1. Tell me whether segment 26-35 contains one or more residues that are assigned to a loop (DSSP other than H, G, I, E, B), open to solvent by 30 Å² or more (accessible area, probe 1.4 Å) and either under 23 Å from A111 (Cα atoms) or modelled with pLDDT under 75 (or both).
2. D51 passes all but one of (1) closer than 26 Å to E117 by Cα; (2) at pLDDT below 90; which number fails?
3. State all residues of segment 88-139 that are closer than 19 Å to P39 by Cβ, in contact with a Lys or Arg (Cβ under 8 Å, 6 or more places away or on another chain) and acidic (D, E); if no residue qualifies, say none.
4. What residue, of L119, L41, is modelled with pLDDT of 85 or more, part of a loop (DSSP other than H, G, I, E, B) and open to solvent by less than 50 Å² (accessible area, probe 1.4 Å)?
5. What's the total number of residues in segment 107-122 that are touching a residue at least 40 places away in the same chain (Cβ under 8 Å) and more than 14 Å from P42 (Cβ to Cβ)?
6. Might you check whether a residue that is among the charged types (D, E, K, R) and in contact with an Asp or Glu (Cβ under 7 Å, 6 or more places away or on another chain) occurs anywhere in segment 33-53?
7. Are any residues in segment 101-116 at pLDDT 95 or above and either in contact with a helix residue (DSSP H, G or I) (Cβ under 8 Å, 6 or more places away or on another chain) or among the polar types (S, T, N, Q) (or both), and if so, which ones?
8. For V73, indicate whether it is hydrophobic (A, V, I, L, M, F, W, C), at pLDDT 70 or above and farther than 28 Å from K121 by Cβ.
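The values are calculated or read from the model by the stated rules, or taken from the named source; none is laboratory data. Since we're looking at a predicted model, the values are computed, not measured. Methodologically, a virtual Cβ is constructed for each residue, glycine included, from the backbone with ideal geometry; neighbour enumeration extends over all protein chains shown. These area figures cover heavy atoms from the full protein model, side chains too; ligands, DNA and RNA do not enter into them. Shrake-Rupley method; radii C 1.70, N 1.55, O 1.52, S 1.80 Å.
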Amino acid sequence: MSQDLKERVRKVVERRNLCSYMNDTKWNELRTAMMNEMPFLPPYILKFVFDDEPIENASFYNNEKCMTDWYSVFAMYGQYFNGSFAVEWIKIRPRCLKHRGQLVEPEVIDAEDIFVEILKKYSIPYECEEDGVYCIYGYR
């Protein structure tokens with residue numbers, strides 16, 4: 001299955017005239033750093049090159065959770081294998097809200113500085129979008 005998907009990705013990349021920005025090593029460094037170096041697992045949305053729409057994650061938009069699944073972030077079609085070769089982009093928000101009770105406003109946990117240091121440490125190219133969202137392109 002992996003070889004069929006790689007061929008499918010290659011054809012889409014060629015047809016859309018995309019250029020590769022990341023490789024498996026960089027994607028693995030990013031995934032591992034999110035799990036081991038961040039104070040929480042930041043929410044993300046992900047788009048594969050052959051999908052019309054990104055894979056949505058409600059916590060990305062409402063900041064309600066500090067936990068997202070970074071272990072199988074590049075799993076495809078419900079099967080775990082490293083599908084990072086097919087990632088067009090991932091958008092990450094290094095901020096979340098921590099629930100403190102019914103009558104108390106949630107605490108904002110902002111790890112933007114730590115996140116940017118991780119990106120620099122591993123030489124991961126990124127763009128900062130509005131509202132503290134960071135985009136990392138696999139292809140462009």
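1. Taking segment 26-35 and keeping what is assigned to a loop (DSSP other than H, G, I, E, B), we get none.
Scanning segment 26-35 turns up no residue that is assigned to a loop (DSSP other than H, G, I, E, B), open to solvent by 30 Å² or more (accessible area, probe 1.4 Å) and either under 23 Å from A111 (Cα atoms) or modelled with pLDDT under 75 (or both).
2. D51 satisfies all of (1) closer than 26 Å to E117 by Cα; (2) at pLDDT below 90 except (1).
3. Within segment 88-139, E107, D110, E112 meet the criteria.
4. Values: L119 fails: part of a loop (DSSP other than H, G, I, E, B).
When all the criteria are applied, what remains is L41.
5. Final tally of qualifying residues: 2.
6. Of the residues in segment 33-53, the ones among the charged types (D, E, K, R) are 37, 47, 51-53.
Now restrict to residues that are in contact with an Asp or Glu (Cβ under 7 Å, 6 or more places away or on another chain): 47.
Yes, segment 33-53 contains a residue that is among the charged types (D, E, K, R) and in contact with an Asp or Glu (Cβ under 7 Å, 6 or more places away or on another chain).
7. Residue satisfying the conditions is E112 alone.
8. Values: hydrophobic (A, V, I, L, M, F, W, C): yes; at pLDDT 70 or above: yes; farther than 28 Å from K121 by Cβ: no.
Answer is no for this residue.
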